[in-house]
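Readers should treat all values here as calculations from the given coordinates under stated rules, not as data from a laboratory. Predicted, not measured: the structure shown is a model, and the values here were computed from it. Cβ placement follows ideal geometry from the backbone for every residue including glycine, while neighbour counts extend to all protein chains displayed.
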Amino acid sequence: MTGWPPLRDDLRGLAPYGAPQLDVPVQLNVNENPYGPSEKCAADIARAVGDAAATLNRYPDREFTELREALAGYLNGSGGSGITPDMVWAANGSNEVMLQLLQAFGGPGRCALSFAPTYSMYPEYARDAVTEWVVGHREDDFTLDLDHARSLVLERRPSVVLLPSPNNPTGTALPPEAVSALCEAAGDGLVVVDEAYGEFRRAGTPSALELLPLHRNLVVTRTMSKAFALAGARVGYLAADPAIADAIRVVRLPYHLSAVTQATAIAALRHADELLAKVDELREERDRTVAWLRSRGLTVADSDANFALFGTFADRHEVWQQLLDRGVLIRETGPSGWLRVSIGTAQEMESFRAALTEVLDTPHEEELR
Ligand SMILES: *Cc1c(COP(=O)(O)O)cnc(C)c1O
């Protein structure tokens, strides 16, 4: 060991993941739902947390039985059918769920696979779980090149394949045939379809939940952070073969889901319809945003999520900075030259359009593009 603190060699010099948290008027950078819970819903959550407070001397239900039942019920009304509580697992955000999957099913001598550009946390789970990271490519329009994907799976035999649908940061959803083909190619390796943005998918785009009865190696993860407007509560979950949910228990920390978290999530799920009510509005706002960006001559990836990836700019950092100077925070992410904007309220999107119009119409536009 050299240096202080005695960090793992492969972690030395690395920066922690995270977008800038800046206090600006229009925050469109981390794909949050711009609408908070109603007063009634917030009061219900506060009451549930208040009840839990009286028993905080005790450890919480380690198996979060009531929450699993509520999540199974929700999934059966959100693209799934026949999902039972023993098929559900939950943790502090779907990030923790996926890390646990890598801890349980990855490890030394094994590899995990995804297709770039994709969510930048995936290689970090692999690294933290001491799992080799293998990355394939996507087509120029960010759809999956299925022949390439299948042959990479057959060649590398990953124990976990991470397939976001819709993908972040591109917004690209996966057709069910592709998910099925990769489940078959993966053999006993797990295929994790990360549906963090599943509720925002366009009409006619099915959820991978429908495929659960067909593939025992398929895992579908969801989160309450995005469409569900509950990012601050940190609740993510999965549905899979009960044997998979059961196996994760070996690597989870004891009582990983606090009594406060469980009470919050259960109360929020009683208000699912209300919390999700703005999803249709956000989908329309997304389609309007995509159309407007295209009308400005920009290239925009087709999006099934609550964000749009657009470009391309010779100096994307300068465009990002100029928007920030006008009080609009978006995300510098994705392949070089591209920027990602999360979909906010109609008013926030108006501010975004006004700011971007100013930036694009300034004399040095040619240098930015
Ligand atoms: C936001 C996001 C998640 C969910 O994160 P949480 O930990 O549940 O808040 C998962 N996957 C992708 C691709 C995301 O963008």
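General observations
- Per-residue ³J(HN,Hα) for the range 333-346, Karplus 6.51 cos²θ - 1.76 cosθ + 1.60, θ = phi - 60°, Hz, x for Gly and Pro: 8, x, x, 4, x, 9, 10, 10, 10, 7, 8, x, 5, 4
- Separation in nanometres of the label points that stand 7 Å from Cα toward Cβ, at His256 and Thr65: 2.1
- Highest mean packing first, where packing is the average number of other Cβ atoms within 10 Å per residue, the peptides 202-213, 242-253 line up as 202-213, 242-253.
- Contact order normalised by residue count of the range 1-107, Cα under 8 Å, 6+ apart, percent: 12
- Which of Leu323, Leu99, Gly198, positive extreme of dipole for the chain (C-beta unit charges): Leu99
- Descending semi-axes in whole angstrom, ellipsoid equivalent of the chain, from the Cα gyration tensor: 32, 26, 21
- Taking the average, over residues, of other Cβ atoms within 10 Å as the packing measure, peptides 117-129, 92-104 rank 92-104, 117-129 from highest down.
- Phi-derived couplings, Karplus 6.51 cos²θ - 1.76 cosθ + 1.60 at θ = phi - 60°, listed residue by residue for the range 312-326: 9, 10, 5, 9, 5, 4, 5, 5, 4, 5, 5, 5, 4, 4, 9 Hz, with x used for Gly and Pro.
- Based on Cα contacts under 8 Å between residues 6+ apart, the chain shows a relative contact order of 22 percent.
- Over every Cα atom in the range 91-181, the radius of gyration and the widest Cα-Cα span, Dmax, amount to 12.7, 35 Å.
- In this structure the amide hydrogen of His137, modeled in the peptide plane, comes within under 5 Å of the amide hydrogens of Ala116, none closer than 5 places in sequence on its chain.
- Relative to the Cα centre, the charge distribution of the chain, modelled as +1 at Lys and Arg Cβ and -1 at Asp and Glu Cβ, gives a dipole magnitude of about 780 debye.
- Part-to-part distance (alpha-carbon centres) for the range 56-104 and the range 144-217, which is given in Å: 20
- Other-chain or far-sequence residues with amide H under 5 Å of His256's (modelled H): none
- Taking every DSSP bridge with both residues inside the range 104-161, close to 10 percent are antiparallel.
- Taking the DSSP beta bridges with both ends in the chain, the antiparallel portion is around 45 percent.
- Linear extension gain, Glu318 paired with Val49, 0.36 nm per residue minus alpha-carbon span: 92.4 nm
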